Amino acid sequence: MTPRDRLSLFERFAAVNPEPTTELEYTTPFELLAAVLLSAQATDKGVNAVTRRLFPRANTPQAIVDLGLEGLSEAIRTLGLYRNKAKHLLETCRMLLEKHGGEVPSHRESLEALPGVGRKTANVVLNTAFGEPTIAVDTHIFRVSNRLGLARGKTVEEVERKLLKAIPPAYRHNAHHWLLLHGRYVCKARRPECWRCLVSDLCSYKPKSLPPPARSALDRGPIAPDVAPDEDQIAGAGDATRNARSHADV
């Protein structure tokens with residue numbers, strides 16, 4: 001992908017979704033950190049369902065510690081690996097209290113020193129809570145970057161490094177969210193929906209997937225005169241990206 005193509009790609013993403021953000025629900029850096037820690041092998045929808053119950057009861061490191069391991073485990077038990085997640089979150093809260101005065105640090109080294117916090121989690125927090133132009137390469141971004149030809153690599157670290165070089169500086173802060181949403185709702189793993197992709201002409205992926213065949217008239221049933229059927233119309237790529245934040249799937 002040429003520099004001109006890369007610029008055009010992010011200009012299009014920005015035009016349809018100028019202020020992208022995570023689909024995890026949070027109001028403070030700590031809530032974001034907790035939500036991301038809970039999101040491993042879970043959907044944003046599932047995490048949000050848990051945090052809507054948890055955060056009104058406990059949304060600070062001290063409040064989580066006060067719940068204790070059993071109380072926290074019970075509060076998040078609908079999530080996969082909830083016992084390990086409760087242990088890591090509780091240990092993280094204790095370290096935040098002991099070493100950071102109960103505040104989430106804004107430095108990578110301090111974040112990655114927290115139990116259960118790896119580079120991807122640190123990147124999400126640095127980007128979303130503190131405005132750093134970092135790229136948290138998850139499975140969606142890894143796939144999209146390779147398919148587009150934007151940043152090809154065999155490891156997430158390689159893709160992250162190449163993305164930081166390839167993305168125009170003006171778009172670097174929001175690039176993480178644009179690429180993730182694109183991978184989640186359009187450039188899907190099993191069958192990318194190329195027919196409604198707003199950057200398909202810039203993408204190196206071949207062959208492009210075609211739209212599903214239209215349903216037959218018999219399947220649709222009778223249609224009122226002069227009324228065009230709309231249930232089978234393909235949503236525009238711009239609408240798909242713009243509305244992505246309203247749907248829950250880090």
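Test ARG147 against the stated conditions and say whether it is open to solvent by 30 Å² or more (accessible area, probe 1.4 Å), of a type outside the set (Phe, Trp, Tyr), out of contact with any Gly (no Cβ under 8 Å at 6 or more places or on another chain) and more than 19 Å from LEU37 (Cβ to Cβ).
Here the answer is yes, as ARG147 does meet what is asked.
All but one of (1) touching a helix residue (DSSP H, G or I) at 6+ places or on another chain (Cβ under 7 Å); (2) open to solvent by 10 Å² or more (accessible area, probe 1.4 Å) hold for LEU81; state the number of the condition that does not hold.
Status for LEU81: all satisfied but (1).
Considering LEU126, LEU67, which residue is in contact with a helix residue (DSSP H, G or I) (Cβ under 8 Å, 6 or more places away or on another chain), more than 26 Å from TYR185 (Cα to Cα), of a type outside the set (Asp, Glu) and open to solvent by less than 70 Å² (accessible area, probe 1.4 Å)?
Exactly one residue qualifies, and that residue is LEU67.
For the range 197-214, check the following and say yes or no: at least one residue is surrounded by 23 or more Cβ atoms within 10 Å (Cβ to Cβ) and either among the charged types (D, E, K, R) or over 18 Å from MET1 (Cβ atoms) (or both).
No - not one qualifying residue is present in the range 197-214.
For the range 1-25, how many residues are more than 21 Å from LEU148 (Cα to Cα) and either surrounded by fewer than 20 Cβ atoms within 10 Å (Cβ to Cβ) or basic (Lys, Arg) (or both)?
Here is the first cut: in the range 1-25, the residues more than 21 Å from LEU148 (Cα to Cα) are 19, 21-25.
Next, from what is left, pick out any that are either surrounded by fewer than 20 Cβ atoms within 10 Å (Cβ to Cβ) or basic (Lys, Arg) (or both): 19, 21, 25.
Residues meeting the conditions: 3.
Find the residue count for the range 37-60, including only residues that are open to solvent by 10 Å² or more (accessible area, probe 1.4 Å) and of a type outside the set (Lys, Arg).
Adding up the residues that qualify gives 11.
What do you reckon, is GLY153 part of a loop (DSSP other than H, G, I, E, B) and either in contact with a Phe, Trp or Tyr (Cβ under 7 Å, 6 or more places away or on another chain) or crowded, with 16+ Cβ neighbours inside 10 Å (or both)?
The answer is yes for GLY153.
Just to check your reading of the model, which residue among THR78, THR60 is more than 18 Å from TYR26 (Cα to Cα) and of a type in the set (Val, Ile, Thr)?
From the options THR78, THR60, the qualifying one is THR78.
Looking at this structure, is THR21 in contact with a His (Cβ under 7 Å, 6 or more places away or on another chain) and closer than 27 Å to THR139 by Cβ?
The answer is yes for THR21.
Residue by residue through the range 84-104, note down the ones that are in contact with a Pro (Cβ under 7 Å, 6 or more places away or on another chain), open to solvent by less than 20 Å² (accessible area, probe 1.4 Å) and not hydrophobic (A, V, I, L, M, F, W, C).
THR92, GLY102
Have a look at VAL104, VAL125, VAL117 and point out the one that is of a type in the set (Val, Ile, Thr), modelled with pLDDT of 95 or more and outside any helix (DSSP H, G or I).
VAL104 is the lone residue from the list that is of a type in the set (Val, Ile, Thr), modelled with pLDDT of 95 or more and outside any helix (DSSP H, G or I).
If we scan the range 34-52, do we find a residue that is of a type outside the set (D, E, K, R), under 28 Å from SER204 (Cβ atoms) and not in a helix (DSSP H, G or I)?
No.
The values are calculated or read from the model by the stated rules, or taken from the named source; none is laboratory data. Quick caveat: nothing in here was measured; it's all calculated off a predicted structure. All Cβ positions, even for glycine, are placed from backbone atoms using ideal geometry, and neighbour counts span all protein chains on display. The protein model used for the area step is the full one, side chains on, heavy atoms only, and it has no ligands, DNA or RNA in it. Shrake-Rupley method; radii C 1.70, N 1.55, O 1.52, S 1.80 Å.
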